[in-house]
1. Using 0.36 nm per residue of separation minus the Cα-Cα distance, give me the extension gain between residue B:156 and residue B:126 in nm, one decimal.
2. So how far apart, in nm, are the two label points at residue A:322 and residue A:17 if each is 7 Å from Cα heading toward Cβ?
3. Starting from 0.36 nm per residue, how many nanometres of slack lie between residue A:128 and residue A:10 once their C-alpha separation is accounted for?
4. So how do A:312, A:249 line up by other beta-carbon neighbours within 10 Å, fewest first?
5. For a quick check: sort B:173, A:323 by the number of other beta carbons within 10 angstrom, fewest at the front.
6. Between residue B:147 and residue B:176, what is the FRET efficiency for a Förster distance of 51 Å, r being their Cβ-Cβ separation, to the nearest 0.05?
7. How much of the DSSP beta bridge set in the stretch A:86-311 is antiparallel, as a percent to the nearest 5?
8. Could you put B:22, A:205 in order, starting from the residue whose Cβ has the fewest other Cβ atoms within 10 Å?
């Protein structure tokens, strides 16, 4: 017959252990619950759903020769995380034969990056169907803007006159959109990166820039007539100069693809834009950065600027000699 | 009653001791695992480690969701074997990087990279390992007299012939070594490292029974070249250059079923063929025009583009190197 004393003794011994076990279980379960909630969170953007591979079963009933109509939408991008800072990638683009190809392969790259927001700004009077359809089909998280460069600023013909800034008005529009869409004291952390549509980006680059506090910098390949240009970093991990041949005395002798800015910095300095007029060749990046940071504030990434993670590739202009004056191919087919 | 009490106390103590021992063993085992050492880190590092952990968790989630998605799909999708010849030049790493980023989206893809080199280079080896793709790394050096020299126009000699043939040879040997009906399923596609591929093209080619064809953008001096389809069959080719060729299309415009490749072990690319006849030299022995399967909506959509990357200007680099001040060679570009 269990006596009351025994029961009290047992309870006193078992109680601290049960408390310990329940507390321990609580601490391990809550992080799991937090991540599960992310999966189900909707309504971020209409384009960021996870579609499944849909295939119509026309093979069983019809001939092999019949066209198999297949619809597939991408099963990326990666699930949105509430803690990772968003990378806002600003890409100016303009219509030319390789545009769809460039945007396609850039989208293929960006679809691997979690928490990415693509701001595509067209140099056009209105948003083209080509770009709108491409953005809808890729299911990447995007914002589609457009602004036409006034004719006196446009590059004339084939000449690449460095005094005329290309894509400047489009990038400034993106900056303005960011400032209108996000408030300074909002808690959503973000990074702004200017990515041209013909460069090549490694996936590692996006993870390097995610930890930007003000402005981070890294080397860029194939710019300035060199294998790569890079910031000079001293042993304390601070940038003190620029390893370039072309005008290394610029305030920021770096290519557009070589730096990223924290969104908070952009929002806190609403007057900072890329300068439009009177900008010497190669000084466009400096025109924005000198309003935002000083040299000592720069954060070197890519292993203290010793690894190349972005390449300033340029795509050849395709030779369309056989099109002739009237156009040999059907202009309704989109390329 | 007293002995019973004593006995009970003894068992309780023993029990207590065992439980504590188990707890200690468990805690020791936890030491080997990942820890949330949030108490020890500084606030800055805490954010970084939290972000890294989040990223790791997301990636694991992605991998898990990819793994669970597979059994739901239709069984054994045919594998797409992509043969890519490549050679060392400045933009090689960039081209292969962005190509691998596209391929990473395609399920059941096997990338066969054949270097124009006497041995496997570390650049390509590392890139393939880090890519996360299923791959085979081969090499085959082009004979010097067949190789394009500096300053030669790109159309002077055919490129990538030996490398593509080496890819085919490996494929045939590999499949012969593993008999089984399932192994014969697949599609072979020749993808150059500077072209641009949409993800749809890989799904279009997966159902190839013999040879399938589709339009290619920005090639042949035109916006696109394509087969002309009438009544579901290819009747002729729409191209601006030498349309009288047996198969006047680009390497990126067709795919061959693995079965056909294995059934014709002699079929390969002829390096001696006149300019523009490279594709025909391979396809002639495999299929006739009316057997071609048109894809991409009866060849009305452009899903692959023959882009070419400019050679980067190295004037300043060369000038610096003449002075002995060239950029650090140890940094891989």
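1. Working: separation 30, 0.36 × 30 = 10.80 nm, distance 3.20 nm.
In short, 7.6 nm is gained.
2. Label at residue A:322, label at residue A:17, 8.3 nm between them.
3. Values: separation 118, 0.36 × 118 = 42.48 nm, distance 7.67 nm.
So the extension gain works out to 34.8 nm.
4. So the residues, fewest neighbours to most, are A:249, A:312.
5. Working: B:173 9, A:323 16.
Ranking B:173, A:323 by Cβ neighbours within 10 Å, fewest first, gives B:173, A:323.
6. Numbers: r = 31 Å, r/R0 = 0.60.
That gives a FRET efficiency of 0.95.
7. Working: 14 of 35 bridges.
The antiparallel fraction comes to roughly 40 percent.
8. Numbers: B:22 10, A:205 24.
So the ranking, lowest neighbour count to highest, is B:22, A:205.
Values quoted throughout were computed directly from the atomic coordinates according to the rules given, and no laboratory measurement underlies them. A quick note: this is a predicted structure, and the numbers were derived from the prediction, not measured. We place every Cβ from the backbone using ideal geometry, glycine too, and count neighbours over all the protein chains shown.
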